[in-house]
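**Q** Sharing a structure here in C-alpha cells format.
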Amino acid sequence: MNSLHSVSVAIVSTHCDPIRKLHSFYKAKTKTKPHNLICSFRQPSNRLLVSALKRDSPESHQTRNIANDEGPEKLPLRQNAANFDSGWLPAFPHVLVASMSNFIFGYHIGVMNGPIVSIARELGFEGNTFIEGLVVSIFIAGAFIGSISSGSLVDKLGCRLTFQIDSIPLILGAIISAQAHSLNEIIGGRFLVGLGIGVNTVLVPIYISEVAPTKYRGALGSLCQIGTCLGIITSLILGIPSKNDLHWWRTMLYIASIPGILVAIGMQFTVDSPRWLCKAGRINDAKTVICELWGASEVDSAIEEFQSVCKNDSSDLDSRWSEILEKPHSRVAFIGGALFVLQQFAGINGVLYFSSLTFQEVGVESSALASLFVGLTNFAGALCALYLIDREGRQKLLIGSYLGMAISMFLVSSAIICPLDERLSNNLSILGTIMYIFSFAIGAGPVTGIIISELSSTRTRGKIMGFSFSTHWVCNFVVGLFFLELVEKFGVAPIYASFGAVSLSAATFAYYFIVETKGRSLEEIEQSLNVKA
C-alpha cells in the first residue's frame, strides 16, 4: 500500500515525452550493462500451536505412545507433520479476497504503460505530453478523495460492505475507460478507478489487521504488497500485444473490470471484522467470527479485550475527524503522515522514472520489459518481507529497508559523479537501482501501511488511515510533478543523493518513533499508547 505500499504511477509514465527528452542527458551521466538478478526465498518453517487442553487429553497421550512404539525411523516424519502451523489458514481465504483489491491497484498502475501511445493516437491527443500525463495520473486525484472518504465509510458500514460498494467505481471506471471514444470519457473512467483505489488502499490493511490472528498479522498484511506486484506484472505481460494491435488497450481495460467483480462477489462469503462487530454492539456475531478465524479458545479473551477499548454502543461507529488531533490519536496520525511523507520523498517515484532509462542503456529497449523487471524485483522483495515481518519485527524491517535504500542511492550517485572506470560505474549504477527497489519492497513498501493500522485505535483507525493515505497521494503527486524539472536543473546525482539523505532520515525516524507491534494484539498496542499519552 503498499502499501505503495507502494509502487507509484511512475511506472506508467515512462512513455511521456519529458522523460524521453531527458534520455540524452541521463545517457551522458551514466551507462550501464545488463546483470542478472538472483534472489532466493526460503519458505518459512512454522510450528503447530497445540492447546493445553489437547495436550493433556487421553487421546493425545495415546497418540504419543503409538508414535514412540513405531520406532525411531518413523518418529521424525510425525514430528515434521506436527511442525506444520495451520493457525493462519482460517483467515487466509478472507485476506486473499481483500488482497485482490491490491491486485486491481497494481493492474491499473501498469495498464497504461504500453497502450498510452495507442490511446493517444486513437483519441486524438498524440504528441500532447500534458494530456498524456493527465490521462495516466488523473486517478491520483480520485485516489485522494477516496482515501479521505474511506474513514467515515469504514466506521459506519464496516469493511465488508465498504469493499462491495467500492467495487462499483472500480468496475464502472474500467468499463467506461475501455469504451471511451473521447478524451473526457477516458479521463472520467480513470478518475472513477482512482476513487475506488483510494478507498481500497485504506481498506485492505485495516481489514487484514483486524481479522488476522496476532501471530500472523504481519505476514498476512504483506499480501497487500504481493497483490500489487502481481497486478503490475500481469498488466505488463498482457500489454505486450499492444505494440502490434492498436485497439488492444480496450481489451486490457475490459479485463480490469474482472477483479472488481470477483471482489464484490467474494466479499459476500467473507466475514466482517470482529472488532467492528463488537464496536457496533453485535457481540454474538463477533464471537462467531472469532471462533471461526482464531479458534473457540480465543473467544472470551478477545471479546474482553475488544470491550476494554471501545464503548460497545452505536455512537462508537461515528468518530469525529477532530479526534485525530487529540492524544494519543494525534501521535499516531503524526507518525502515519510522516511515514508516508518520508516514503515518497525517499524517491521511489524518481527511481522508477529513471529505472526504464537505466535498463535502456544496458540494452533493454522495451520500457514495458524494463518495468516488468522492476516489478519482478519488487515481487521478490515482497516475498522476503512476508517471511521476515513477523520474525524480525516491523521496526527492524523499516530501519533496514531505509538504510538499504540510502546506501543504494549513494552508490548510484558516486557512480555518476566519480566514474573511475566505465565498466565499474555501469555495474554500480544498475546494482544500486536493483538494490534500491528490493530494499523498498522489503520494508518501506509493505510495512508502512501495516504499522499505521496497528498503531491506530479501534475508534479512529479508519480516520487515521484515511488521513495517512491522503498524505501519500499528495506527496506522490508532488514528486511526480517536480522530479523531472529538478533533474534538469541540478542533475541526476544530486537528486539521488538527496533521496539517500531522506532515506537516512526515515531510518532515524523509525528508530525513535516506531513502537514495535510484533506479537501484540491491537488492543494491547492501543492500551500501551493510552498509558504513554
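**Q** If you check Leu246 against the conditions, is it at pLDDT below 90, more than 26 Å from Leu397 (Cβ to Cβ), surrounded by fewer than 20 Cβ atoms within 10 Å (Cβ to Cβ) and in contact with a helix residue (DSSP H, G or I) (Cβ under 9 Å, 6 or more places away or on another chain)?
**A** Yes; evaluated as a whole, the condition is true for this residue.
**Q** If you go through segment 398-409, how many residues are within 19 Å of the chain's Cα centre (by Cα) and either open to solvent by less than 10 Å² (accessible area, probe 1.4 Å) or hydroxyl-bearing (Ser, Thr, Tyr) (or both)?
**A** Total satisfying the criteria: 4.
**Q** Within segment 194-245, which residues are under 29 Å from Pro274 (Cα atoms) and charged (D, E, K, R)?
**A** Across segment 194-245, the qualifying residues are Glu210, Lys215, Arg217.
**Q** Can you find a residue in segment 72-88 that is under 30 Å from Asn476 (Cα atoms), modelled with pLDDT of 80 or more and not in a helix (DSSP H, G or I)?
**A** Step one: of segment 72-88, the residues under 30 Å from Asn476 (Cα atoms) are none.
No, that holds for no residue.
**Q** A further question follows. If only one of Thr460, Thr471 is within 16 Å of Gly337 (Cα to Cα) and modelled with pLDDT under 90, which one is it?
**A** Checking each option against the conditions leaves just Thr460.
**Q** Still on this structure, I have one more. For segment 144-181, give me each residue that is of a type in the set (Ser, Thr, Tyr) and crowded, with 23+ Cβ neighbours inside 10 Å. Please lay out each step first, then the result.
**A** If we filter segment 144-181 for residues that are of a type in the set (Ser, Thr, Tyr), which is where we start, we get 147, 149-150, 152, 162, 167, 177.
Residues satisfying the conditions are Ser147, Ser150, Thr162, Ser167, Ser177.
**Q** Same structure again: Does segment 191-203 contain any residue that is assigned to a loop (DSSP other than H, G, I, E, B), open to solvent by 20 Å² or more (accessible area, probe 1.4 Å) and either on the phi < 0 side of the Ramachandran plot or aromatic (Phe, Trp, Tyr) (or both)?
**A** Within segment 191-203 (the criterion being assigned to a loop (DSSP other than H, G, I, E, B), open to solvent by 20 Å² or more (accessible area, probe 1.4 Å) and either on the phi < 0 side of the Ramachandran plot or aromatic (Phe, Trp, Tyr) (or both)), the answer is no, since none of the residues qualifies.
**Q** Can I ask one more? State whether the residues of segment 428-445 include one that is among the polar types (S, T, N, Q), at pLDDT 90 or above, assigned to a helix (DSSP H, G or I) and open to solvent by 10 Å² or more (accessible area, probe 1.4 Å).
**A** Among the residues of segment 428-445, at least one is among the polar types (S, T, N, Q), at pLDDT 90 or above, assigned to a helix (DSSP H, G or I) and open to solvent by 10 Å² or more (accessible area, probe 1.4 Å), which makes the answer yes.
**Q** Here is a follow-up. So for segment 318-331 (the condition being assigned to a loop (DSSP other than H, G, I, E, B) and crowded, with 21+ Cβ neighbours inside 10 Å), does at least one residue qualify?
**A** So far as segment 318-331 goes, yes, one or more of its residues are assigned to a loop (DSSP other than H, G, I, E, B) and crowded, with 21+ Cβ neighbours inside 10 Å.
**Q** Answer with yes or no whether Ser242 is over 30 Å from Ala180 (Cβ atoms) and either in a helix (DSSP H, G or I) or in contact with a Lys or Arg (Cβ under 8 Å, 6 or more places away or on another chain) (or both).
**A** Spelling it out, it is not the case that Ser242 is over 30 Å from Ala180 (Cβ atoms) and either in a helix (DSSP H, G or I) or in contact with a Lys or Arg (Cβ under 8 Å, 6 or more places away or on another chain) (or both).
The values are calculated or read from the model by the stated rules, or taken from the named source; none is laboratory data. Computed from a predicted structure; not experimentally measured. Virtual Cβ from ideal backbone geometry, glycine too; neighbours counted across all protein chains shown. In case anyone asks, the SASA skips ligands and DNA or RNA and just uses the protein heavy atoms, side chains included. Shrake-Rupley method; radii C 1.70, N 1.55, O 1.52, S 1.80 Å.
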